Amino acid sequence: MKVIADKVNRAERISPEDGLLLFEHGELGFLGMLADLVRERLNGNKAYFIRNFHIEPTNICVNKCKFCSYSHHFSPDKWELTREEILGKVLAQDKNVGEVHITGAVHPDRDIHYYGELLKLIREARPDLHIKAYSAVELDYMIAKAGMDIEAGLAYLKSCGLDSIPGGGAEIFDETIRKIICGMKSTSEAWLAIHEAAHRLGLPSNATMLYGHREHYSHRIDHLDRLRRLQDRTSGFNAFIPLKFRNTNNEMSGITEVSVVEDMKMYAISRIYLDNFPHLKAYWPAVGRKLARVSLSFGVDDLDGTINDSTRIYSLAGAEEQSPVMTVSEMREMITDAQRVPVERDSLYRAVN
Ligand code: V47
Ligand code: SF4
């Protein structure tokens, strides 16, 4: 532990073995202290938030992930928004809302041209809005369906208005566990290749990890390590977002959710391990606002956004926030309460206002 602390102090990279040791034997206060050091080195006293909203176009899905409470396989209804409904959601937003995050299920009948036209429609309605859209899993399906290669597909979507890619669909890269919990989904290799291609085209992205289910600590380190190696090559990731598995209303409901201590360990070790990721995000609709507040002391510097009650992925899976909305003053208050300076950001982490 002393050797690892010395490395972190000297801003030296820790090894996979060090990371595993931290998971297995690191005491929470010690991990928090090291993570705080890394966070402060990268982000000073700032903690970020953004005014954003989500659009979830459909819950009709070709896949059947066992942890999913959102898709039509586990919901009483099957639905898809029309273009008019999507446009209505965009037009309903205040002009200070700077980002839309679009992600949903993998619809069997929608192809890349449908999603490209959607981007154009949104771009025309709000030329200033940053469009962060389509997880690598959605992209993989729509690009393959069009018979395009990854680079051509992404370049087409970029030309329609795509600005960046969200981090969903990464789940857990270890192939054995991935097969058990979401065997039908795009492979880990495909997820990584799509993000790498996006970075080459100048589209930044985020990365996530679903933790607290069937995986072992070694699988978490393997996941972090594959991301760290990709980021070494491209520097295209903005943020890493650990996503705690929530067990309501899905095929994995028999698995007990991990403790808050485990959540904070996950944040802290992610911050220490991913020394080349500028930001660590706590997605408050998934963990609840109390835990998001605590996470600011375990390496987190970004609380995502105001959301405006526009996502159901987590409320359906049992998260505390059933109608997630956070006002700008609540964001500021939460951050100030943690002795940080609140910074309203745009999608590229530039301060606004
Ligand atoms: O990939 C689904 C996760 C992800 C459950 O890029 C679940 O800024 C826990 O990726 N328990 C989609 N997690 C959401 C996502 C995301 C969220 C916020 C910000 C960003 C960003 C990306 O949600 C899926 C999956 O890992 N998920 N079901 C569940 N039961
Ligand atoms: Fe479909 Fe995504 Fe749910 Fe998997 S997690 S079943 S890809 S909506």
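Calculated mean residue ellipticity, 222 nm, the chain: -13000 deg cm²/dmol, from DSSP H runs (n ≥ 4) at -39500 (n - 2.57) each, averaged per residue and rounded to 500. Packing, taken as the mean count of other beta carbons within 10 Å per residue, orders the peptides 244-251, 332-339 from highest to lowest as 244-251, 332-339. For the chain, with the dipole built from +1 on Lys and Arg beta-carbon atoms and -1 on Asp and Glu ones, taken about the Cα centre, which of S253, A338, A92 lies farthest toward the positive end? So the residue we want is A338.
Projecting the Cα atoms of V3, L21, C65 onto the charge dipole of region 1-105 (Cβ charges, centred on the Cα centre) puts V3 farthest toward the positive pole. Look at the alpha carbon pairs under 8 Å that are at least 6 residues apart: their mean separation over the length of region 82-150 gives a relative contact order of 44 percent.
Evaluated with a Cβ-only charge set (Lys, Arg +1; Asp, Glu -1), region 2-344 carries a dipole of roughly 220 debye about its Cα centre, given to the nearest 20. Counting protein heavy atoms only, the chain has 53 percent of its accessible area on carbon and sulfur, 1.4 angstrom probe. Of interest is the spacing of the C-alpha centroids, which for region 289-352 and region 141-199 amounts to 26 Å.
Scanning the chain for cysteines with no neighbouring cysteine C-beta under 4.7 angstrom from their C-beta gives C61, C160. Across the chain, the relative contact order, built from alpha-carbon pairs under 8 Å that are at least six residues apart, equals 24 percent.
Using the Cα coordinates of the chain, the gyration tensor eigenvalues translate into equivalent-ellipsoid semi-axes of 30, 23, 20 Å, sorted from longest to shortest. Probing with 1.4 Å while keeping every protein chain in the model, the per residue accessible area of region 2-344 equals 39 Å². Going through the cross-link list K132/K265; K2/K46; K145/K179; K2/K265, which pairs have a Cα-Cα distance over 26 Å in this structure? Flagged as over cut-off: K132/K265; K2/K46.
The values are calculated or read from the model by the stated rules, or taken from the named source; none is laboratory data. All values derive from a computational prediction rather than experimental measurement. Backbone-built Cβ (ideal geometry, glycine too); neighbour counts: all protein chains shown. The accessibility values were calculated without ligands, DNA or RNA, using every heavy atom of the protein model including side chains. Shrake-Rupley method; radii C 1.70, N 1.55, O 1.52, S 1.80 Å.
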